[in-house]
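Please read the structure below before turning to the comments.
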Amino acid sequence: MSFTSEVKDELARVPPACTHCEKAALAALVRIEGTLFLSGQGAYRLEVATDAPGVARLIIRLLHELYHVKTHLTVRRSVLHKTPNYLIEVPSQLHLAESLADMGVLADDGGLEMGVKPDLVEKQCCSAAYLRGAFLGGGFVADPRGDFHFEITVENEALAEGIVELLDQKGIKARIMQRRSSYMVYLKSGSAILEFLAFTGAHQSALAMENARVIKSVRNDVNRMTNAEVANQAKAASASVDQLFAIRVVLEAHGMENLPPALQEFIRLRVTYPDATIKELGERANPPLSKSAVYHRVRRIEQMAKEARG
């Protein structure tokens, strides 16, 4: 099961916080997953499709409990993906138009409601329920073990802007991107995705994501430390080669016996331990030397080599 499916399965089982929360969740689901058909003057029929069985059960239950409408369920199997798809049909019937208006599908003037109906999200718990329904309808979240990505796809810009506004009220910053004829509300940061999951009630999914974030962070830290160590070793090796070359020039120009004892000691240490760092050379000296003391000898050798080369 994908992480998106796990999140949807959990969200579909979140209990309502108040009597209006389920209406808000159903409204978002119907707005995003539903297709409305005109069956005559003021008569409508509705189709809602989903590939999540938990979401299908939720839609049917809420349609029955909140609006007492008749529904028909058809289970279809995709030949291409070999996965079931659930089609919920709500035939034309008495009071269906009033129900559609109540859930913010139809506007007061009889046209389609384009944004989020304010009456549905007056309370914070209802805003969370609406966002929960929006994700159940058109949401996707990437496996947190990889790159962080979260999106909710809707059919019009006004609805996308309404969802962004609901997220913003909770301090979750989202953006909108147009994709062909649809609009994508997306989050990119792991912290924003975590906040969404927690706000909408997917606490187990949020915990799983946080665990994945911690593991990823530790792995990245280890990789950075390893890369830094490799880089330091490469830098030290390059410096050692330069020092050995300078030592050869100095010895050819002056001879070992004509050099100060301090430089003679450094030359013996560097030749004996070509891969050692400056700090390690200082520790091997007798008596031990600080890094600055060893650097002083290195700079003196390099200066003498430069003078010898003219």
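What tally of residues in segment 3-22 results from selecting those that are in a loop (DSSP other than H, G, I, E, B), out of contact with any Asp or Glu (no Cβ under 7 Å at 6 or more places or on another chain) and in contact (Cβ under 8 Å) with a residue 24 or more places away in the chain?
Selection size over segment 3-22: 6.
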Selected residue [in a helix (DSSP H, G or I), in the same structural domain as residue 270 (by TED's automatic domain parsing) and not basic (Lys, Arg)] from 217, 238:
238
Residues in segment 151-197 that are aromatic (Phe, Trp, Tyr) and surrounded by fewer than 15 Cβ atoms within 10 Å (Cβ to Cβ) total 0
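Does residue 135 satisfy the condition of being touching a helix residue (DSSP H, G or I) at 6+ places or on another chain (Cβ under 8 Å), modelled with pLDDT of 95 or more, under 21 Å from residue 6 (Cα atoms) and part of a helix (DSSP H, G or I)? Even if it seems obvious, please write down each step before you answer.
Working: touching a helix residue (DSSP H, G or I) at 6+ places or on another chain (Cβ under 8 Å): yes; modelled with pLDDT of 95 or more: yes; under 21 Å from residue 6 (Cα atoms): yes; part of a helix (DSSP H, G or I): yes.
The answer is yes for residue 135.
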By residue number, the members of segment 120-150 that are surrounded by 24 or more Cβ atoms within 10 Å (Cβ to Cβ) and among the hydroxyl-bearing types (Ser, Thr, Tyr) are 130
Among the residues that make up segment 241-255, is at least one of them loosely packed, with under 11 Cβ neighbours inside 10 Å, assigned by TED's automatic domain parsing to the domain that holds residue 167 and either part of a loop (DSSP other than H, G, I, E, B) or touching a residue at least 24 places away in the same chain (Cβ under 8 Å) (or both)?
no
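State whether the residues of segment 182-191 include one that is among the hydroxyl-bearing types (Ser, Thr, Tyr), part of a helix (DSSP H, G or I) and under 17 Å from residue 11 (Cα atoms). Steps first, answer last, please.
Residues of segment 182-191 that are among the hydroxyl-bearing types (Ser, Thr, Tyr), as a first pass: 182-183, 186, 189, 191.
Retained after the next criterion (residues that are part of a helix (DSSP H, G or I)): 191.
Among the residues that remain, those that are also under 17 Å from residue 11 (Cα atoms) are: none.
Looking through segment 182-191, none of the residues is among the hydroxyl-bearing types (Ser, Thr, Tyr), part of a helix (DSSP H, G or I) and under 17 Å from residue 11 (Cα atoms).
Taking the conditions exactly as written (hydroxyl-bearing (Ser, Thr, Tyr), touching a helix residue (DSSP H, G or I) at 6+ places or on another chain (Cβ under 9 Å) and over 30 Å from residue 1 (Cα atoms)), does residue 99 satisfy them or not? Quick ask: steps written out before the conclusion?
On the way: hydroxyl-bearing (Ser, Thr, Tyr): yes; touching a helix residue (DSSP H, G or I) at 6+ places or on another chain (Cβ under 9 Å): yes; over 30 Å from residue 1 (Cα atoms): yes.
Yes; evaluated as a whole, the condition is true for this residue.
Could you run through segment 204-220 and say how many residues are in contact (Cβ under 8 Å) with a residue 40 or more places away in the chain and either under 22 Å from residue 168 (Cα atoms) or among the hydrophobic types (A, V, I, L, M, F, W, C) (or both)? Walk me through it before giving the result.
Of the residues in segment 204-220, the ones in contact (Cβ under 8 Å) with a residue 40 or more places away in the chain are 204-205, 208-209, 212-213, 215-216.
Pick out the ones that are also either under 22 Å from residue 168 (Cα atoms) or among the hydrophobic types (A, V, I, L, M, F, W, C) (or both) and you get 205, 208-209, 212, 215.
Of the residues in segment 204-220, 5 are in contact (Cβ under 8 Å) with a residue 40 or more places away in the chain and either under 22 Å from residue 168 (Cα atoms) or among the hydrophobic types (A, V, I, L, M, F, W, C) (or both).
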In segment 23-56, residues that are polar (S, T, N, Q) and either assigned to a helix (DSSP H, G or I) or buried (at least 16 other Cβ atoms within 10 Å of the Cβ) (or both) total 1
What are the residues in segment 74-105 that are surrounded by 12 or more Cβ atoms within 10 Å (Cβ to Cβ) and in a helix (DSSP H, G or I), if any?
96, 97, 99, 100, 101, 102
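Filter segment 276-310 down to residues that are of a type in the set (Gly, Ala, Ser), farther than 18 Å from residue 235 by Cα and in a helix (DSSP H, G or I), then give me how many there are. Please lay out each step first, then the result.
Of all residues in segment 276-310, those of a type in the set (Gly, Ala, Ser) come to 276, 282, 285, 290, 292-293, 305, 308, 310.
Those left that are additionally farther than 18 Å from residue 235 by Cα: 285, 290, 293, 305, 308, 310.
Now drop any that are not in a helix (DSSP H, G or I), which leaves 293, 305, 308.
Within segment 276-310, residues that are of a type in the set (Gly, Ala, Ser), farther than 18 Å from residue 235 by Cα and in a helix (DSSP H, G or I) number 3.
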Matching entry among 213, 248, 268, 299 (being among the basic types (Lys, Arg) and under 38 Å from the mean Cα position of the chain (by Cα)):
213
Could you check, for segment 63-73, whether at least one of its residues is in contact (Cβ under 8 Å) with a residue 40 or more places away in the chain, in the same structural domain as residue 29 (by TED's automatic domain parsing), surrounded by 13 or more Cβ atoms within 10 Å (Cβ to Cβ) and not acidic (Asp, Glu)?
yes
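The values are calculated or read from the model by the stated rules, or taken from the named source; none is laboratory data. None of these values were measured; they are calculated from a predicted model. Reconstructed Cβ throughout: ideal geometry from the backbone, glycine too, with neighbour counts over all protein chains shown.
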